[in-house]
Amino acid sequence: MQPDPRWTAQDLTGTVRTVEPWWELLVAGIDPLPAALGAARRRIDELASAAAAGSGASLPERSAAGTALVRALSEAGRLAHDCGVGPPHHVGRVAGLHASPGGVPKAAVPSAEIGWRGLAGDRQATRRHHGRLWQAVCLWSAEVIDGLAAEGHPIFPGAAGENVTVAGVEWAALRPGSRLRLGESVVEITVPALPCVNNAPWFLGGDFRRMDHRRHPGHSRLYALVSRPGGVRVGDDVVVE
């Protein structure tokens, strides 16, 4: 993960606010907590405090504070996987790639370059809740989408704004720290993407919270940070590492 000079004060605030739900998902099922994870949490708290205090700092200082915090959370996620709680190694495939200049649905594309901030040519209409380093790529499961469609929801790949639709992946087993190789790139799961009202058209009665992980665990879209940039094409393997 490389430092990114585009950290805004809002990015720092949003990242600090996400620490607690990120951590809760990261350590779910790990009891007792090993010493290494306890030390990781203390380090994360220190970095979060520094980031919270640094929202008015210079761009380089914000970049360093935000990147350090995300890196510490990523390292904790990998420690959690070492405890044996992560998904088993398996292989799926890239069922769809989607990008747009802003808004949903996102248009299907046959291939894409994944950089540190996500797919080339893709952007968010607003940065208030999107576009941070740990939200670089949004992924979703083809099987979850098919299941929602079978319930009668008028949803389809790319409608809810995911960048990568994957098939054959044990979706509900993914958690913070899970790494997926997509073509030449590698991404790491961070937190579920919270649904917003812009996704209401894809759900019966406008019930866009049908894909909220707090209501239906294992059904939400997932954000990921980029561990290794690279190209990806529809049909490429998705290797859960």
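The values are calculated or read from the model by the stated rules, or taken from the named source; none is laboratory data. Keep in mind that this is a model prediction, so the values were computed, not measured. Because the Cβ atoms are built from the backbone with ideal geometry, glycine has one as well, and the counts that use them run over all protein chains shown. Remember, those area values only see protein heavy atoms, side chains included, never the ligands or the DNA or RNA. Shrake-Rupley method; radii C 1.70, N 1.55, O 1.52, S 1.80 Å.
Just wondering, is there one or more residues in the stretch 113-124 that are out of contact with any Cys (no Cβ under 9 Å at 6 or more places or on another chain), surrounded by 19 or more Cβ atoms within 10 Å (Cβ to Cβ) and over 19 Å from A193 (Cα atoms)? The answer is no, given that none of the residues of the stretch 113-124 is out of contact with any Cys (no Cβ under 9 Å at 6 or more places or on another chain), surrounded by 19 or more Cβ atoms within 10 Å (Cβ to Cβ) and over 19 Å from A193 (Cα atoms). Quick check: is even one residue across the stretch 130-140 surrounded by fewer than 22 Cβ atoms within 10 Å (Cβ to Cβ) and under 21 Å from V70 (Cα atoms)? Yes, the stretch 130-140 contains a residue that is surrounded by fewer than 22 Cβ atoms within 10 Å (Cβ to Cβ) and under 21 Å from V70 (Cα atoms). Applying the condition of being basic (K, R) and within 16 Å of P176 (Cβ to Cβ) to the stretch 1-42 and asking which residue is modelled with the highest pLDDT yields R41.
Inspection of the stretch 161-172 finds a residue satisfying the criterion of being touching a helix residue (DSSP H, G or I) at 6+ places or on another chain (Cβ under 6 Å) and surrounded by fewer than 19 Cβ atoms within 10 Å (Cβ to Cβ).
In the stretch 28-42, how many residues are within 22 Å of Q135 (Cα to Cα) and either touching a Pro at 6+ places or on another chain (Cβ under 9 Å) or surrounded by fewer than 16 Cβ atoms within 10 Å (Cβ to Cβ) (or both)?
Looking only at the stretch 28-42, we keep the residues that are within 22 Å of Q135 (Cα to Cα), and these are 28, 40-41.
If we keep only those that are either touching a Pro at 6+ places or on another chain (Cβ under 9 Å) or surrounded by fewer than 16 Cβ atoms within 10 Å (Cβ to Cβ) (or both) as well, we get 28.
Qualifying residue count, the stretch 28-42: 1.
Among the residues of the stretch 203-241, which ones are open to solvent by 10 Å² or more (accessible area, probe 1.4 Å), of a type in the set (A, V, I, L, M, F, W, C), outside any strand (DSSP E or B) and in contact with a Pro (Cβ under 7 Å, 6 or more places away or on another chain)? Within the stretch 203-241, F208, V234 qualify. Scanning the stretch 172-183 for residues that are within 22 Å of K106 (Cα to Cα) and in contact with a Gly (Cβ under 6 Å, 6 or more places away or on another chain) yields a single hit, G183.
Being surrounded by fewer than 15 Cβ atoms within 10 Å (Cβ to Cβ) and either in a strand (DSSP E or B) or modelled with pLDDT of 95 or more (or both) is a condition met by at least one residue of the stretch 179-187.
For the stretch 1-19, a residue qualifies if it is open to solvent by 80 Å² or more (accessible area, probe 1.4 Å) and either free of Cβ contacts under 8 Å to residues at least 40 places away in the same chain or assigned to a helix (DSSP H, G or I) (or both), and the qualifying residues are Q10, R17. Residues that are at pLDDT below 90, of a type in the set (S, T, Y) and surrounded by 15 or more Cβ atoms within 10 Å (Cβ to Cβ) do not occur anywhere in the stretch 91-104.
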